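Encoded as structure tokens, the structure appears first; notes follow it.
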Amino acid sequence: MGERSDRDQQLDAPREGTAILRKIIHVDMDAFFASVEQRDNPDLRGKPVAVGGSAARGVVAAASYEARKFGVRSAMPSITAKRKCPELIFVPPRFDAYRAVSQQIHAIFAEHTPLIEPLSLDEAYLDVTDNLPGIPVATTIAEMIRAKIKAETGLTASAGVSYNKFLAKLASGQNKPDGLFVITPKLGPAFVEALPVRKFHGVGPATADKMARLGIETGADLRAQSLAFLKEKFGKAGPYYYWIARGIDERPVRADRERKSVGAEDTFASDLFDLESARKELAPLVGKVWRYCEESSIQGRTVTLKVKFADFQQITRSRTIGGVIEAETDLATVAGTLLEQLFPIAKGIRLLGVTLSNLSGTRTEADRQMSLTI
């Protein structure tokens, strides 16, 4: 496929220590749900769009780039999003459509490598160190994948290329939307040092706040800490933080990555105050989870009920049984019992969710990342 670029030659460069060098691509679709809606409905193109929720209830599942300019983000309460962007257009999610496009995208990935680790419907890691077309240039593979996604789906994807998963994911966010960014072994450590730790994948808001209290604001601050200190302050995560601060991440791309739970949830147009109404809304969520389990030939042992009240307080209640849940009626019984134990309630319920975990069984890779959120 032509001469190798300097960037790809550097990806092969040896590094001090014993860390493993790979060629990893992280592909992340741009505003995936919202982009599918804009593609399928020309009237939405160029306009601020939020998938999910409504002007008064629920939360934003995804936002178009036009909406993001106003500060609208996923997981934001719909009422807040509408306040930030009065012209925001809410559209209901169409997960069947998103899954269909996701399958197209993953088929394109599979043309280049069998080592694909899906993270969700719209993003995945690909190990192209040894790839099916035999192309030595990782950036060329990333460009080919992005071009074919655009040609076959009409959607844009951003990609990051690097020598490990941590840096590849960071790279994919650098030139969004419709961008490509490469972090070589030579540039990796310096890139990490200059970055705020809040932007590190694997460092959530609570951890970032704890790091800030310890005087750790950037990758350079993190690198200055000893392994013993990070173990003391962050437990098992300490070694991970120690090594990523040095641009080192030896986690392989796992093509057999299994989902740990299956869940469904819904936000209601009106708050629920009585047990009968709550049971009625719980039933379709149980059905949705069970259909997925049947289609995927998986079973689980732990049932978790999620409840969000009118004041946005959120609680969960779980129960693990001795064997596996073998029927939809069993799942409904356990979830229903967890629900009953909350009543009577002092405030209305705005959201219910049901999750089945401690999974066992087998299913196809295409099914593994299906989202069941309503």
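For the range 89-101, the criterion of being without any contact (Cβ under 8 Å) to a residue 40 or more places away in the chain, farther than 22 Å from residue 253 by Cβ, outside the structural domain of residue 269 (by TED's automatic domain parsing) and not charged (D, E, K, R) is met by at least one residue. The set of residues in the range 326-361 being hydrophobic (A, V, I, L, M, F, W, C) and part of a helix (DSSP H, G or I) consists of 331, 332, 334, 335, 338, 339.
Could you please let me know if residue 288 is in a helix (DSSP H, G or I) and either among the β-branched types (Val, Ile, Thr) or modelled with pLDDT under 90 (or both)? Taking the combined requirement at face value, the residue satisfies it. Checking every residue in the range 226-238 against the condition of being over 22 Å from residue 210 (Cβ atoms) and buried (at least 18 other Cβ atoms within 10 Å of the Cβ) gives zero matches. Could you go through the range 193-202 and let me know if any residue there is buried (at least 18 other Cβ atoms within 10 Å of the Cβ), hydrophobic (A, V, I, L, M, F, W, C), in contact with a strand residue (DSSP E or B) (Cβ under 9 Å, 6 or more places away or on another chain) and touching a residue at least 12 places away in the same chain (Cβ under 8 Å). Yes, the range 193-202 contains a residue that is buried (at least 18 other Cβ atoms within 10 Å of the Cβ), hydrophobic (A, V, I, L, M, F, W, C), in contact with a strand residue (DSSP E or B) (Cβ under 9 Å, 6 or more places away or on another chain) and touching a residue at least 12 places away in the same chain (Cβ under 8 Å). Could you identify the single residue in 340, 281, 294, 276 that is of a type outside the set (Gly, Ala, Ser) and modelled with pLDDT under 90? The unique qualifying residue is 294. Contact map, the range 65-85: first residue part of a helix (DSSP H, G or I), second residue polar (S, T, N, Q) and at pLDDT below 95, Cβ cut-off under 8 Å, separation 6 or more or different chains; pairs are 78/54.
Restricting 169, 176 to those that are under 20 Å from residue 199 (Cα atoms), in contact (Cβ under 8 Å) with a residue 40 or more places away in the chain and assigned to a loop (DSSP other than H, G, I, E, B) reduces the list to 176. A single member of 17, 52, 46, 58 is modelled with pLDDT of 95 or more and not acidic (Asp, Glu), and it is 46.
Whenever a residue of the range 118-146 is closer than 18 Å to residue 255 by Cα, its partners that are in a helix (DSSP H, G or I) and among the hydroxyl-bearing types (Ser, Thr, Tyr), lying with C-beta atoms within less than 6 angstrom and at least six residues away or across chains, give the pairs 121/98; 121/102.
For the range 122-130, the criterion of a residue being touching a Phe, Trp or Tyr at 6+ places or on another chain (Cβ under 7 Å), within 26 Å of residue 203 (Cα to Cα), modelled with pLDDT of 95 or more and outside the structural domain of residue 37 (by TED's automatic domain parsing) is satisfied by no position.
Taking the condition of being closer than 25 Å to residue 64 by Cα, surrounded by 13 or more Cβ atoms within 10 Å (Cβ to Cβ) and of a type outside the set (Ser, Thr, Tyr), how many residues in the range 131-161 meet it?
Residues meeting the conditions: 15.
If you filter the range 203-218 down to residues that are without any contact (Cβ under 8 Å) to a residue 24 or more places away in the chain and not in a helix (DSSP H, G or I), you find that the one that is surrounded by the fewest Cβ atoms within 10 Å (Cβ to Cβ) is 215.
Looking across the range 219-256, the residues that are in contact (Cβ under 8 Å) with a residue 12 or more places away in the chain, assigned to a loop (DSSP other than H, G, I, E, B) and aliphatic (A, V, I, L, M) come down to 245, 248, 253, 255.
Would it be correct to say that residue 302 is more than 21 Å from the chain's Cα centre (by Cα), modelled with pLDDT of 90 or more, farther than 30 Å from residue 97 by Cβ and surrounded by fewer than 16 Cβ atoms within 10 Å (Cβ to Cβ)? It is false that residue 302 is more than 21 Å from the chain's Cα centre (by Cα), modelled with pLDDT of 90 or more, farther than 30 Å from residue 97 by Cβ and surrounded by fewer than 16 Cβ atoms within 10 Å (Cβ to Cβ).
The values are calculated or read from the model by the stated rules, or taken from the named source; none is laboratory data. Quantities reported herein were computed from a predicted structural model and do not represent experimental measurements. Positions of Cβ are backbone-derived with ideal geometry, glycine not excepted, and every protein chain shown enters the neighbour counts.
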